[in-house]
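Have a look at the structure that comes next, please.
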Amino acid sequence: MDEYTYYSVNISAKVKSEDGMFIRNFRDYKVTEYNELPDYEKIKSDVESMVKELKELREAEEMKPYTGPAILDPSVTGVIFHEAIGHRLEGERQKREESGQTFKDKVGEKVIPDFLTVIDDPTMRRFSGKSLFGYYRYDNEGIPGQRVVLIEDGILKNYLMSRTPIKGFNKSNGHGRSDGSPFQGDPVGRMSTLIIKSKKEFTYEELKNKLLEECRKQGKSYGFIIRRATGGATYTRRGGMQSFKETPILVYTVDVNTGEERLVRGVEIVGTPLSSIN
C-alpha cells in the first residue's frame, strides 16, 4: 500500500432569497502536488465570481416542477455516472443480500447506450496537465492498481473488484479501497478515476442546437443547461427506491424559440439509474 499527500482548498458561501430559500455556492481545489494549488489572485478572482453568481441566484426565478431535456457540464455528468453507475458496479454489491444488485449476472449484456464506454483507471496520474485524486500504485489490499474496462460500447464487461470474489470473478483488479471510517473499515471494490468515453462528440453550439431540437420533438417550451452542481447521493439497498439525486447550483433554461438562456434556482436532478443514463 502507498501513502499519498493530498491538498485541498474549499470555499463556500450561501445567501437567503426573499422567499426564504437558502442558496449555496462553492469553489473546490483538490490536487496531489502542492505547486498546483491556486495562488492568492486566482482564489480572489474565483471568490468574486462566486459572490456575483450568488447575487444573481438570489434574484433568479424559482423553478417550478418540470421535466425536460438538458445539457450537462462534464463535472455534473461525472457525478451522475459516479452515483448511478459507478457504485452499482462495485463487486461486493453483486453478492450482498441487502444490495439491489442492479448489474448482477449481466456481464455480456447491453446496460447503457452503445456509444458509451466506462473505464476506471487508478494508474492515470494526470489529466489535462492536472494531478488526479484517484491515482494510486497499490490498493488497500496490496494489489497493483489496474485500468479496468467496466462497460464497452454499452456492454457490461467487468466489476470493481477487491480480494472478495464474486460469481465469475475470483481475482482482484486492484480496486480494494478503504477510507478508514467506521462506515467503511474494510477494503471493498471502489472507484478511482472514472472515465466516460463517447463515440458521439459535438461542439457546445451543436449540443445546444440538438437540445432545442429535442425540446421541439417533446413539445417542450424550454430545456436546461446545468453548469455546476454539488455532490450527489444514491440509494443502492434492496427494499428501497433505487434512485440517485444531484443538486445543481448553476442552471439555465433555454428558450426553444429564441435560444435565450435564463438563470433559475431550486432545480434538482433525480431519477432511477438505468432509465436516466439511457
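Checking GLY86 against (1) in contact with a Ser or Thr (Cβ under 8 Å, 6 or more places away or on another chain); (2) open to solvent by less than 20 Å² (accessible area, probe 1.4 Å); (3) at pLDDT 85 or above; (4) not hydroxyl-bearing (Ser, Thr, Tyr), only one condition comes out false. Which one?
(1)
Quick check on ARG163: is it without any contact (Cβ under 8 Å) to a residue 60 or more places away in the chain, touching a Ser or Thr at 6+ places or on another chain (Cβ under 6 Å) and open to solvent by 40 Å² or more (accessible area, probe 1.4 Å)?
Spelling it out, ARG163 is indeed without any contact (Cβ under 8 Å) to a residue 60 or more places away in the chain, touching a Ser or Thr at 6+ places or on another chain (Cβ under 6 Å) and open to solvent by 40 Å² or more (accessible area, probe 1.4 Å).
Over 27 Å from ILE249 (Cβ atoms), among the β-branched types (Val, Ile, Thr) and modelled with pLDDT of 95 or more: is that true of THR123 in this structure?
yes
Just to be sure I understand, how many residues within region 106-121 are within 20 Å of GLY174 (Cα to Cα) and open to solvent by 30 Å² or more (accessible area, probe 1.4 Å)?
1
Could you tell me whether region 51-74 includes any residue that is open to solvent by less than 30 Å² (accessible area, probe 1.4 Å) and more than 26 Å from THR247 (Cβ to Cβ)?
no
So PHE103 ticks every box in (1) surrounded by fewer than 16 Cβ atoms within 10 Å (Cβ to Cβ); (2) out of contact with any Gly (no Cβ under 8 Å at 6 or more places or on another chain); (3) part of a loop (DSSP other than H, G, I, E, B) but one. Which box is left unticked?
For PHE103, the exception is condition (1).
Restricted to region 221-256, and to residues that are open to solvent by 60 Å² or more (accessible area, probe 1.4 Å) and at pLDDT 85 or above, which residue is nearest to TYR66 (Cα to Cα)?
SER221
Still on this model: Filter region 1-41 down to the residues that are open to solvent by less than 80 Å² (accessible area, probe 1.4 Å), assigned to a loop (DSSP other than H, G, I, E, B) and touching a strand residue (DSSP E or B) at 6+ places or on another chain (Cβ under 8 Å) and list them by number.
ASP2, SER17, MET21, THR32, GLU33, LEU37, PRO38
Would you tally the residues in region 131-150 being more than 25 Å from LYS200 (Cα to Cα) and touching a helix residue (DSSP H, G or I) at 6+ places or on another chain (Cβ under 7 Å)?
Final tally of qualifying residues: 1.
Follow-up. Tally time: how many residues in region 123-147 are open to solvent by 50 Å² or more (accessible area, probe 1.4 Å) and not in a loop (DSSP other than H, G, I, E, B)?
5
Which residues, counting only those in region 41-56, are closer than 13 Å to ILE249 by Cβ and either in contact with a Pro (Cβ under 9 Å, 6 or more places away or on another chain) or in contact (Cβ under 8 Å) with a residue 24 or more places away in the chain (or both)?
Scanning region 41-56 gives MET50, GLU53, LEU54, GLU56.
Would you point out the residue of region 43-60, among those that are assigned to a helix (DSSP H, G or I) and more than 25 Å from the chain's Cα centre (by Cα), that is farthest from ARG125 (Cα to Cα)?
Out of the qualifying residues, it is GLU59.
Now for a different question. Of the numbered conditions (1) modelled with pLDDT under 95; (2) closer than 30 Å to ASN35 by Cβ; (3) not in a loop (DSSP other than H, G, I, E, B), ASP179 satisfies every one except a single condition; which is it?
Condition not satisfied by ASP179: (3).
The values are calculated or read from the model by the stated rules, or taken from the named source; none is laboratory data. None of the values given here were measured: they were computed from a predicted structure. So basically every Cβ, Gly included, is an ideal-geometry build from the backbone, and we count neighbours across all protein chains shown. In case anyone asks, the SASA skips ligands and DNA or RNA and just uses the protein heavy atoms, side chains included. Shrake-Rupley method; radii C 1.70, N 1.55, O 1.52, S 1.80 Å.
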